[in-house]
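The values are calculated or read from the model by the stated rules, or taken from the named source; none is laboratory data. Here the structure is a predicted model, which means the values were calculated and not measured. Neighbour counts are summed over all protein chains in view; Cβ atoms, including those assigned to glycine, are modelled from backbone coordinates with ideal geometry. Note: accessible area is taken over every heavy atom of the protein model, side chains too, but ligands, DNA and RNA are not part of it. Shrake-Rupley method; radii C 1.70, N 1.55, O 1.52, S 1.80 Å.
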Amino acid sequence: MKCIVNGKVILKDRVADDLAIVFGEKIEKIVPQNEIDMAEYDLIDAGGNYVSPGLVDMHIHGYLGADVSDGDADGIKKMAEGIIKNGVTAWCPTTMTVSKAEIEAAFDAVRKVKNSEGYYGARILGVNSEGPFINAAKKGAQAEEHILKPDAEFIKKHEDVVKLFTVAPEVDGADECIETVCKDTDVLVSMGHTNATFEEAMAGVQKGVRHTTHLFNAMTALSHRSPGVVGAALSSDNVSVELIADTFHVSKGLFGLIAKIKGDKLCLITDCIRAGGMPDGDYTLGGQPVHKEGIQCLMPDGTIAGSVLKLNEAVYNLYTNSGLPLHEAVACASLNPATALGEDKEIGSIEVGKRADFMIANEAFQVKTTILGGEIQYKGE
């Protein structure tokens, strides 16, 4: 049995000093440090750093040169290994609007890795299928030629591996697709890459939409006479929202406002692409050229194409620009996405009975150690 000591433990409601966390594969007890006999345990000294729940990235396309849409199991394993160093212990490999055959090949590759024994790195929860059921008017970096009419049967066919998918609620066939998926499966329906009016978006929420793909990006904006999809997402208490908190996709001046409005429905994501963790230069996303320079990834026409954000950096960006207490900022990248995905009974917070998934990080939220299912999977300098 292992025990973490000398850390500032980030709980659901506070940050606590002088606690010890005893765990095997799951958390066995959380007690004052002076109440345990340290000789009984394999000690992990947090060295005064933060002890956080492992992070959950529900929207990430690529990392370290690999892309989920490549349909390559080895590439997905490479991503899983890479993001564990960013404190991510659970994730949803995310596909693009590529050809249907390529999407299914990607699903098969994720399925293969997810169901394999003992692969190293962050645990796969299921696929995030971003498209192909979107509106060409708000396609962003998605390939228009591969956009399809919403098809509930396609999602149902792959419900064993698809955890959530994006749909534009205003396009032909969306109503039936949303209703059928919500009635027949547990797949989370997200609205995104959409040109919907406020009324059309709210109709989608009535049908079963419960999530929003990268809020503000690739959707109708908030205006005082036309609230758009942004207005619908912000005003719907039962709808969670994704935020790419890299300070480029959305102004950091809005972070606090979004957090105040959405509370525990705010989910930090990376939307990271294969250029993540790589040098500046030329890459691809969904078969289309992308140039990375610093935190910006742009297509030749200037369209934003995903990010190179790390989830631990997103937490720090939100915390330092929102006024949120640290435990709430951390929840936006752990408990909140876990809850949106229906995984919060197992992961997302440091509680007795949950999986022993932890990130140990310094004041700047740089990762020192990542623990997955009770085992140290990354230990930095």
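Each Cα pair under 8 Å and six or more residues apart adds its separation to the average, and for the chain the resulting relative contact order is 20 percent. Surface exposure of the chain, expressed per residue as accessible area with a 1.4 Å probe, stands at 39 Å².
Counted by Cβ distance under 11 Å from Lys78, the other residues give a net charge of -3, where Lys and Arg count +1 and Asp and Glu count -1. If you take the Cα centroid of the range 210-230 and the Cα centroid of the range 266-327, the two points sit 20 Å apart. Between the amide H of His59 and those of Cys92, Thr270, Asp271, distances stay under 5 Å, these residues lying 5 or more places away or on another chain, with hydrogens modeled in the peptide plane. Each residue of the range 6-12 was assigned a 3J(HN,Hα) from its phi angle through the Karplus curve 6.51 cos²θ - 1.76 cosθ + 1.60 (θ = phi - 60°); the sequence is 6, x, 8, 7, 8, 8, 5 Hz, with glycine and proline shown as x.
Annotation: amide H of Ile350 within the under-5 Å range of Lys12, sequence separation 5 or more or interchain, hydrogens built in the peptide plane. Here the chain has an Rg and Dmax of 20.0, 66 Å, counting Cα atoms alone. For the range 38-46, putting each phi into the Karplus relation 6.51 cos²θ - 1.76 cosθ + 1.60 with θ = phi - 60° gives couplings of 4, 5, 7, 10, 7, 7, 10, 8, 6 Hz, in residue order, rounded to whole numbers and with x for Gly and Pro. Taking Cα atoms only, the orientation of helix 73-83 departs from the longest principal axis of the chain by about 50 degrees. Cross-link reach is defined here as a Cα-Cα straight distance under 22 Å, omitting same-chain residues fewer than 8 places apart; for Lys292 the lysines meeting it are Lys78, Lys85, Lys138, Lys139, Lys252, Lys310. Using the empirical formula 2.2 N^0.38 Å as the baseline, the Cα radius of gyration of the range 169-252 reaches a ratio of 1.06.
How big is the shadow of the Cα convex hull of the range 209-311, averaged over all directions, in nm²?
Over every viewing direction, the Cα hull of the range 209-311 projects on average to 7.2 nm².
Residue order by solvent-accessible surface for Lys8, Lys139, Lys78 is Lys78, Lys139, Lys8, largest first, with ligands and nucleic acids left out and a 1.4 Å probe. Result for the chain in a Gaussian network model with C-alpha springs under 10 Å: among Phe255, Phe154, Phe198, the largest mean-square fluctuation is at Phe154.
Counting charges near Gly294 (Lys, Arg +1; Asp, Glu -1) among other residues having Cβ under 12 Å from its Cβ returns a value of -2.
Shown for the chain: the carbon plus sulfur share of the solvent-accessible area, taken with all protein chains present and a 1.4 angstrom probe, equals 46%. With the cut-off at 1.5 for a/c, could you classify the range 30-159 from its C-alpha gyration tensor as rounded, prolate or oblate? Prolate, because a/c is 1.5 or more and a/b exceeds b/c. Report the paramagnetic label zone for Asp280: residues of the range 221-256 whose backbone N is under 19 Å from a point 7 Å from Cα along the Cα-to-Cβ axis. Residues passing the 19 Å test: 246-249. Using alpha carbons only, how many degrees (0 to 90, rounded to 10) separate the axis of helix 174-184 from the longest principal axis of the chain? The two axes meet at around 40 degrees.
Beta bridges per DSSP, both residues in the chain: antiparallel share near 50 percent.
Rounded to the nearest 10 degrees, the angle from helix 198-207 to the longest Cα principal axis of the chain is 60 degrees.
Heavy-atom accessible surface of Asp282, to the nearest 10 Å², is about 120 Å², with a 1.4 Å probe and all protein chains retained.
Here is how the number arises for the chain: DSSP H runs of 4 or more residues each give -39500 (n - 2.57), the sum is divided by the residue count, and the result at 222 nm is -7000 deg cm²/dmol. Which FRET efficiency value, to the nearest 0.05, is calculated for Lys100 and Asp301 with the Förster distance at 25 angstrom and r the Cβ-Cβ distance? Working from the Cβ atoms, E equals 0.50.
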